[in-house]
Structure formats: structure tokens, C-alpha cells
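For reference, the structure discussed in these notes is given below.
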Amino acid sequence: MFERAILVHYHEIGLKGRNRAHFENVLKRNIRAAVGGLTAHETRRIASRLLVRLSDPERREDVIARVTALPGVSYVADAFVTARDLKDMGRAAILSMEEAGEWDSFRVEARRSNTDFPVSSNQINVEVGQRLVDEFGRRVDLTRPEATCFIEVVQGDAYVYSRRVDGPGGLPVGTAGKVVALLSAGIDSPVATWRMGRRGAVVVGLHFSGAPVTDDASIHRAYRIGGILERSQIVGRIYAVPFGEIQREVSLEAPADLRVLIYRRLMIRIGEAIAVRERAGALVTGESLGQVASQTLENIAAVDAVATMPLLRPLIGDDKQDIIREAQRIGTYETSIMPGDDCCTLFMPRTPATRATVEQLDDGEAGLDVERMVRDALESLTHRDFECPAYRSPPRRKRRDAGSENGRDVLDGGV
């Protein structure tokens with residue numbers, strides 16, 4: 001019987017020129033981490049693909065599910081491994097098409113990545129196609145077949161399969177630096193986080209809860225979302241900030257119509273302090289232009305005025321229904337719509353400003369001790385780590401508090 005193997009195909013990585021080997025090595029590392037513990041395996045590069053050979057073929061479905069969750073994977077083929085021999089290819093093709101479900105028409109699609117094989121791709125198609133006609137008595141349809149038998153001839157072997165499982169595409173996590181994402185327990189920001197991971201970024205989540213004014217249910221939802229995104233190795237850590245008391249203070253001192261925007265500016269400042277600690281290069285939000293009052297062009301500009309690093313908004317031009325569909329597809333939607341209070345529901349004004357200016361927000365913050373608020377938030381941080389091979393936690397150093405005999409660990413680069 002033929003050996004079974006998983007053939008991992010990618011697309012965008014193949015366009016990277018001289019940097020291609022780096023992207024392939026990162027994807028290979030991510031696959032090894034995802035598959036590790038399921039079965040002993042070998043993962044290696046063959047002819048612009050990655051081959052995963054398994055010691056336990058019965059775990060193929062689990063391996064396929066894990067690998068196709070990884071950014072950078074275009075699709076996975078569930079293949080039979082054969083010698084570069086037309087008879088063996090024909091036998092493997094029969095086995096493969098028996099697994100293809102119900103079909104009445106088919107085609108064979110052969111490709112050679114190793115040109116020393118003397119038989120042309122077209123001749124393979126004809127020879128194996130005739131073998132399938134003889135075996136199953138079905139018709140050939142080269143334009144709209146109900147099933148396709150793929151044959152790839154590469155580096156000493158041939159791989160025959162009829163089943164391909166799509167992955168997310170994009171770039172492997174760990175090839176595009178680190179970002180800090182403002183991660184609510186709502187619908188939008190988990191999708192923004194997912195998109196950044198699909199572009200190769202390692203994401204550190206930052207969740208603002210309404211605690212202690214509300215309970216900590218939103219923190220648990222944020223961690224649950226982190227667990228969902230963990231399947232794709234996108235999130236390395238999620239920080240949680242109890243933001244309720246800070247919001248209460250803002251509500252007492254700042255103009256009511258500017259509260260939401262002042263909250264946002266404080267979140268940006270706190271997020272940047274954490275980005276410095278984490279050595280991240282940008283902040284990410286789930287804002288979509290005009291979706292709510294705080295997300296007008298004028299308000300976005302007024303909030304961004306306090307930022308000192310890039311602020312990325314992957315959803316800025318997306319329709320809400322499109323975002324919902326993507327949340328359903330990546331698996332975060334059901335958690336995001338669970339009931340529960342968070343910081344977004346606290347101290348909300350009846351008529352929020354829709355066209356605030358930088359000067360208005362600067363004046364609105366004049367009575368606030370912004371530096372102390374940011375410092376309080378950083379001192380109250382908690383966090384949870386998630387499985388992400390590309391994530392490296394920030395270094396720690398000992399700091400001796402005044403009047404204390406014992407130092408305590410703090411994250412290096414803290415405010």
C-alpha cells in the first residue's frame with residue numbers, strides 16, 4: 001500500500017525572491033509546532049512545497065485541520081506517495097478517486113517539477129486518465145469535471161490526490177514583526193487581529209474591561225477569543241486592563257460629549273507603552289469608517305494626534321455585514337455576541353461628538369492627570385499567554401521600589 005503524506009502548497013511566499021527561504025522556514029517551524037504532539041512527523045521543503053510525512057496515517061485529518069488553520073498555507077493536499085512510475089501513479093489514482101465521493105465526470109491534472117522525468121505532463125494525463133476510464137467507466141470532462149485527480153512529479157517521488165483543503169493564504173505568522181491590537185470582546189477587533197496575523201504579524205492583544213465597575217466577564221470572553229485565534233498561532237499574549245475607574249474619573253472631569261474620544265486617547269497611550277515593552281512596531285484597532293460616532297474622519301484624526309507610532313485599521317473600509325461574515329468564518333462570532341458588560345458600555349454620553357478637533361480634546365483633557373492614569377493602568381495589568389511559536393515575551397528586569405528591601409520583576413521598557 002502507498003504511503004500517505006500531506007503536501008502543503010503556498011502562493012504568496014513563492015513571490016518573495018531572495019527572501020523566500022526565510023518565509024518557508026518560518027512556515028515550516030509553524031507547521032511543526034502545530035502538528036507536534038499529534039504524531040511523529042518529518043516536515044521538509046520539496047520543489048516550492050512543504051511535505052509533511054506522518055508516522056501515524058490515522059491522524060491525517062487532525063494534521064490537515066491544524067495545518068490549514070495556519071496563515072501562509074494556500075491549500076493542503078491529502079496525497080498518496082508513489083514512485084515516478086506510470087503504473088504506480090495509475091494505481092494511486094484509483095485509490096484517490098475512490099475517496100473523491102460521488103462523481104460522474106473527471107479529469108487528470110499532472111504537473112512535473114522535476115524535468116528529468118521523461119514522460120510529459122500531457123502523456124501522464126492521457127495514460128492515467130485511460131486507467132481511470134477503464135476502472136470506473138466514467139467520462140472525461142476537461143472543462144467542468146466533478147472530480148479531479150492531481151499528480152505532482154517532484155524530486156524522486158510522485159504525489160497523487162483528489163482532495164485539496166484550502167488554508168487562509170497570506171504570510172506565515174512571524175514574518176512581519178509584532179503589533180499590539182486593542183482587542184475588545186466584540187465582533188470587529190478579533191477580525192482585525194486575525195487579518196494582521198494573516199499578513200504575518202505576531203499580535204499582542206490589549207483588552208480594556210469595565211472592572212471594577214463591572215464584572216470581569218469581558219476579560220474571559222477576550223481570553224476565549226484568544227484561544228480561538230490560537231489555532232492559527234496569531235496571538236502570543238493578551239493583556240487585560242481594568243479601565244472602569246479611569247472611565248469614572250474621565251466622566252467626572254471631562255465634557256460629556258468628548259468622553260468616548262478621551263477614553264480612546266488614553267487607550268492609545270496605554271497601548272503604546274505596552275508596545276514599547278513588547279518591542280512592537282504598531283497599534284491595531286478594529287475601527288471601520290463611520291460605523292459609530294467616534295469613527296468619523298474628524299474624530300479619528302483627533303484621537304490619532306496623541307499617537308507616536310503607526311495606527312493600523314485593517315477594517316477601515318469594510319461593511320459591517322462583511323465583518324460579521326468573516327467573524328463567523330474564523331470562529332469568533334459566537335463568543336463576541338455573548339451577553340456581558342464591558343468598558344464600551346460605561347459612562348456613555350447621550351450625544352457624543354462626531355467632529356471633534358485636536359484642540360477640543362486637548363482642552364477636555366486639561367483637568368486630567370493623564371500620565372498618572374496611564375501609570376495606574378500599567379500597574380494593574382494582568383495577562384494570559386497563548387501558543388504562538390513566533391512570540392517572544394518581553395525581557396524582565398529587577399526594579400527596587402523606594403523603601404523596599406526586595407526588588408520585583410517588571411517588564412523592561414515600562415513607563
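Read-outs: derived from the displayed coordinates by stated rules, not from any lab. Owing to the predicted nature of the structure, the values given are computational and were not obtained by experimental measurement. Quick reminder, even Gly has a Cβ in these numbers, built from the backbone with ideal geometry, and neighbours come from all protein chains shown.
Radius of gyration over Kirkwood radius for segment 79-159, both on Cα atoms: the Rg/Rh ratio is 0.95. Dimensions of segment 98-143 along the principal axes, based on C-alpha atoms and rounded to the nearest Å, stand at 35, 20, 17, largest first.
So what's the gap between the Cα centers of segment 1-62 and segment 79-157, to the nearest angstrom? So the two Cα centres are separated by 22 Å.
Within the listed set Thr335, Thr143, Thr214, the Gaussian network model of the chain (springs between alpha-carbon atoms below 10 Å) gives the highest mean-square fluctuation for Thr143. Extents of segment 45-92, taken as max minus min of Cα coordinates on every principal axis and listed largest first, are 36, 26, 16 Å. Computed over segment 51-150, relative contact order equals 29 percent, with contacts defined as Cα pairs under 8 Å that lie 6+ residues apart. Largest first, the extents of the alpha carbon coordinates of the chain on the three principal axes equal 84, 51, 38 Å.
Compactness ratio for segment 3-166: Cα radius of gyration over 2.2 N^0.38 Å (N = residue count) comes to 1.05. For segment 178-411, the Stokes-Einstein estimate of translational diffusion at 37 °C and a viscosity of 0.692 mPa s comes to 182 µm²/s, using the Kirkwood hydrodynamic radius over alpha-carbon pairs.
Hull volume per residue, based on the alpha-carbon atoms of segment 200-324 and their convex hull, is 126 Å³. Secondary structure note: in segment 178-411, about 35% of the DSSP beta bridges are antiparallel. Averaging Cα coordinates gives a centre for segment 172-232 and one for segment 279-327; these two points are 14 Å apart.
Among Thr332, Thr148, the ranking by other beta carbons within 10 Å of each residue's beta carbon, starting with the fewest, stands as Thr148, Thr332.
Angle of helix 370-379 to the longest C-alpha principal axis of the chain, folded into 0 to 90 degrees and rounded to 10: 50°.
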